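The values are calculated or read from the model by the stated rules, or taken from the named source; none is laboratory data. This one's a predicted model, so the numbers in the text were calculated from it and none came from an experiment. Because the Cβ atoms are built from the backbone with ideal geometry, glycine has one as well, and the counts that use them run over all protein chains shown. Each accessible area value is taken on the protein alone, full model and side chains, heavy atoms only, with ligands, DNA and RNA left out. Shrake-Rupley method; radii C 1.70, N 1.55, O 1.52, S 1.80 Å.
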Amino acid sequence: MTVTFPLTEKRDAEALLKHLTMHKLSFPGNCVVSLKAHIAQVSSWHTTALGTARTAW
């Protein structure tokens, strides 16, 4: 499953990695993070954790 996370000045890539860790997703452990200009695409086979992390973001 791949989900897109919007990135802003306050919610940057570092904040996203911390957020993913809170939902038991770790890079490069069990998810893949691809950064673009204003979004991050996160892929993982842990679909429930990824969906919950996206909803909470």
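Laid out as a table, the results:
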item	result
Carbon + sulfur, % of accessible area of the chain - ligands and nucleic acids excluded, 1.4 Å	60 percent
Rel. contact order, % - alpha carbon contacts under 8 angstrom, at least six apart, the chain	47 percent
Ratio of the Cα radius of gyration of the chain to 2.2 N^0.38 Å, where N counts its residues	0.97
Low-density loop cleavage sites - trypsin sites (Lys or Arg not before Pro) in segment 4-57, where at most 12 other Cβ are within 10 Å (DSSP)	Lys10, Lys36
Accessible area expressed per residue, the chain, with surrounding protein chains retained (probe 1.4 Å, Å²)	66 Å²
Lys, Arg +1 and Asp, Glu -1 on Cβ, resulting dipole of the chain about Cα centre, debye, nearest 20	100 debye
